[in-house]
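What follows is a short report on a single structure.
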Amino acid sequence: MYDLTFFRQNMDAISARLADRGYKLDVEAFRKLDAERRAAMTESEQTKAQQKAESQELGKFKKAGQDTTELQAKLGAMRDRAAALDTQASSLDDEYRAMMAGVPNTPHESVPTGKSADDNVEVRRWGTPPQFAFAPKAHWDLGPELGILDFDRAAKITGARFAVYMGLGAKLERSLISFMLDVHTQHHGYTEVLPPFMANKDSFYGTGQLPKFEEDLFKIQGTDYYLIPTAEVPVTNLYRDEVLDFEKLPLKYCAYSPCFRSEAGSYGRDVRGIIRQHQFQKVELVKFSKPEGSYQELEALTADAEDILQRLGLPYRTVALCTGDMGASSAKTYDIEVWLPGLNAYKEISSCSNFEAFQARRASIRSKGAGKSDFVHTLNGSGLAVGRTWLAIIENYQQADGSVVVPEALRPYMGVDVIPALK
């Protein structure tokens, strides 16, 4: 969300920048609402001033013993009119703010301009995709053949876009979660958090999922709780309506959580396997930063997520998202894309974003120190999406005999060097 005064004073410049995102800001609608609000406030102030002046006359008339019935009725009407105008101005202000809450963040000046993912800019690559002396299999074939992934029973239990992990497949998922948390806490300086896996409307409003993206969420019937689509929601809201010590920033947290997404509007995309599920596991990285240092923190957060892939020996590339491909709340985003032999392509495994003060203003997260108070900048990124890391390992480390080599970094967690083929 924007600062109200800044938004009103810079609407044309904001509109021009948002056009790069493919978003049309209805400037006239905002200005019409603002003009109506100002008109109501002005008339209310004038009515109150007139009421005050005539109230003084009322005292004089009473003192002189004159009939004041008509003047009292007039003053009562003025009071009612001023109260109605105040209510109208407040309602218009609420409507203005509600409209403003649906306006995306303005992209940072360093974000490449573009309309779609085709206009994203590759920043770097790491590792070389493996060359196989055999035709590599996709995880949706290899997993069931190894007896570690079951789609049919998941569909029986729940429905489409769910999976059951079995045996060493389940252990690989659990090992990845522990490995990621250990690396981020022991080597990257994050504090581990285990948050609730559902959150209320205020929390979702704070991070920007509500009101605009409600269709993407699973709501708990009879409550104002929603299942979280990412640990970003509860972890960012740890400090909602709080003031942080400026000198202690940045604060860095990592959290494991299951994630629940309706994937509204995504049907037909990535329907095979576990690339796009209604439920999946993720380790999330969240930072609360000083405004002047937030872009250095974005680079560091992205490097922390990349480090997980490097330790696992998984080839990837990092791209800067263009204006037309970023999430609504983000000012700048890097996507990290892991190589998947089954698709013969790179696929997103982490999005690392700087929201600047957009979320902090919605959630009222400030910092105070050095003689000033200001909204913090919030950042987050997957460190990593566990299911996609799981399938990247299965596909990149598959062997000709159908087995899968366990990356060396995971062997202390797995207790085995190889996931063997079934006999």
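The values are calculated or read from the model by the stated rules, or taken from the named source; none is laboratory data. In this text the structure is predicted, and so the values were computed from the model without any measurement. A quick note on method: Cβ atoms are made from the backbone with ideal geometry, for glycine too, and the neighbour counts reach across all protein chains shown. Side chains included, ligands, DNA and RNA excluded: accessible areas come from the protein's heavy atoms. Shrake-Rupley method; radii C 1.70, N 1.55, O 1.52, S 1.80 Å.
At 1.4 Å probe size, with the rest of the protein present, what percent of the exposed accessible area of the stretch 160-252 is carbon and sulfur atoms? The computed percentage sits at 53.
Computed over the chain, relative contact order equals 20 percent, with contacts defined as Cα pairs under 8 Å that lie 6+ residues apart. Mind checking which lysines have their Cα closer than 18 Å to the Cα of K248? Skip sequence neighbours fewer than 8 apart in that chain. Counting by Cα, and skipping residues close in sequence, K248 has these lysines nearby: K287, K290, K368, K372. Summing charges over all other residues whose Cβ lies under 10 Å from the Cβ of A421, with Lys and Arg as +1 and Asp and Glu as -1, gives -1.
What does the charge count near C322 come to, summing +1 for each Lys or Arg and -1 for each Asp or Glu among other residues with Cβ under 12 Å from its Cβ? Display every interim value, and only then the final one.
Numbers: positive: R21, K115, K332; negative: D20, D118, D119, E122, D325, D335.
Taking every Cβ under 12 Å from that of C322, the sum is -3.
Straight-line cross-link reach from K48 at under 18 Å between alpha-carbon atoms covers these lysines, not counting any fewer than eight positions away in the same chain: K74. Every helix of 4 or more DSSP H residues in the chain counts as -39500 (n - 2.57), and over all residues that averages to -13000 deg cm²/dmol at 222 nm.
With a cut-off of 20 Å on the backbone N, the residues of the stretch 283-301 near the modelled label site 7 Å out from S110 along Cα-Cβ are 285-301. Here is what passes the span test in the chain: the DSSP H helices with alpha carbon length of 18 Å or more along the helix axis and a Kyte-Doolittle mean of -1.0 or above are 69-101, 168-186, 294-312. S350: net charge of surrounding residues, Cβ under 13 Å, Lys/Arg +1, Asp/Glu -1, itself excluded? With Lys, Arg at +1 and Asp, Glu at -1, the neighbours total -4. Averaging Cα coordinates gives a centre for the stretch 51-77 and one for the stretch 347-367; these two points are 57 Å apart.
Comparing F204, G159, S110 along the charge dipole axis of the chain, the residue lying farthest to the positive side is F204, per the Cβ-charge model.
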